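Before any comments, here is the structure.
The values are calculated or read from the model by the stated rules, or taken from the named source; none is laboratory data. Computed from a prediction, not measured in an experiment: that's the story for all the values here. A quick note on method: Cβ atoms are made from the backbone with ideal geometry, for glycine too, and the neighbour counts reach across all protein chains shown. Calculation scope for accessible area: heavy atoms of the full protein, side chains included, ligands and nucleic acids excluded. Shrake-Rupley method; radii C 1.70, N 1.55, O 1.52, S 1.80 Å.
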Amino acid sequence: MDNTINSTQYDRIVIDVFVYDQLLEEQKAVMLIYLALQYYRCVNGADGEGWFRVSYGDIKERLGTSSDTITHAIRRLHDIQFIDIKRVGKNINYYHITERVFEQMKYIILRPLVIEKLFRVPKSALRLYLSLHIFRMEQQKKAQDPILVTRDDIRTFVGIANNTISTSRDALYEQGLIEFERSKDGKAPMYYVILEE
């Protein structure tokens, strides 16, 4: 059963696995704008029905992107029913994140501070970080437990090239989001630990 919920708790960003799967297929701007909208809902707050306001200027300042890119991404998020938009006056928009609840749904839950750090990494690193959460769910690991992941897993599941995996991993490490170490024999696979959520 598919129910849309209106949560009043916006101290964290919640991404269900279906949204995650769809975001992997989208352009970088769409993924970033979705995370930015979730971020601003947390830091700016929302009304009792979940509607919140954020200006294009705020998003441009945070992400360093153009108004055209923001417009395209917001239109795409609306088309795929990830957000609703309410226009109030000239150039004043309110947004609502569509949240769905399914029985036994799995979620990636992140704090706004993590999103701020993810804004600083390349898209491949962002994809890797979110995917590590999925790998952890599949391996039924708890927070801070090492996650065993091979390069083939990353290449196949995340869709990033072999030569990009190391730079993506390093970008996440530099932001303090993960730690990693090679397996005991010193070769792949690697163990990852998600430090911040």
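Within segment 127-139, is even one residue more than 23 Å from PHE18 (Cα to Cα) and open to solvent by 20 Å² or more (accessible area, probe 1.4 Å)?
Scanning segment 127-139 turns up no residue that is more than 23 Å from PHE18 (Cα to Cα) and open to solvent by 20 Å² or more (accessible area, probe 1.4 Å).
Give the residues of segment 1-50 that are farther than 24 Å from TYR129 by Cα and at pLDDT 85 or above, sorted by residue number.
ASN44, GLY45, ALA46, ASP47, GLY48, GLU49, GLY50
Do any helices (runs of 4 or more DSSP H) entirely within segment 42-119 hold 3 or more residues that are in contact with an Asp or Glu (Cβ under 9 Å, 6 or more places away or on another chain) and of a type outside the set (Gly, Ala, Ser), and if so, which?
67-79, 112-118
Within segment 142-161, take every residue that is touching a Phe, Trp or Tyr at 6+ places or on another chain (Cβ under 8 Å) and not in a helix (DSSP H, G or I) and give me the one that is surrounded by the most Cβ atoms within 10 Å (Cβ to Cβ).
Ranking the candidates gives VAL149 first.
Could you check TYR129 against (1) under 23 Å from VAL43 (Cβ atoms); (2) part of a helix (DSSP H, G or I); (3) more than 17 Å from the chain's Cα centre (by Cα) and say which number it fails?
Exception for TYR129: condition (3).
Every residue in segment 162-182 that is in contact (Cβ under 8 Å) with a residue 12 or more places away in the chain and open to solvent by less than 60 Å² (accessible area, probe 1.4 Å), please.
Once the filter is applied, which keeps residues that are in contact (Cβ under 8 Å) with a residue 12 or more places away in the chain and open to solvent by less than 60 Å² (accessible area, probe 1.4 Å), segment 162-182 yields THR164, ILE165, SER168, ARG169, ALA171, LEU172, GLN175, GLY176, LEU177, ILE178.
Taking segment 106-126, which residues are without any contact (Cβ under 8 Å) to a residue 60 or more places away in the chain, farther than 14 Å from ARG62 by Cα and open to solvent by 60 Å² or more (accessible area, probe 1.4 Å)?
The answer is PRO122, and nothing else.
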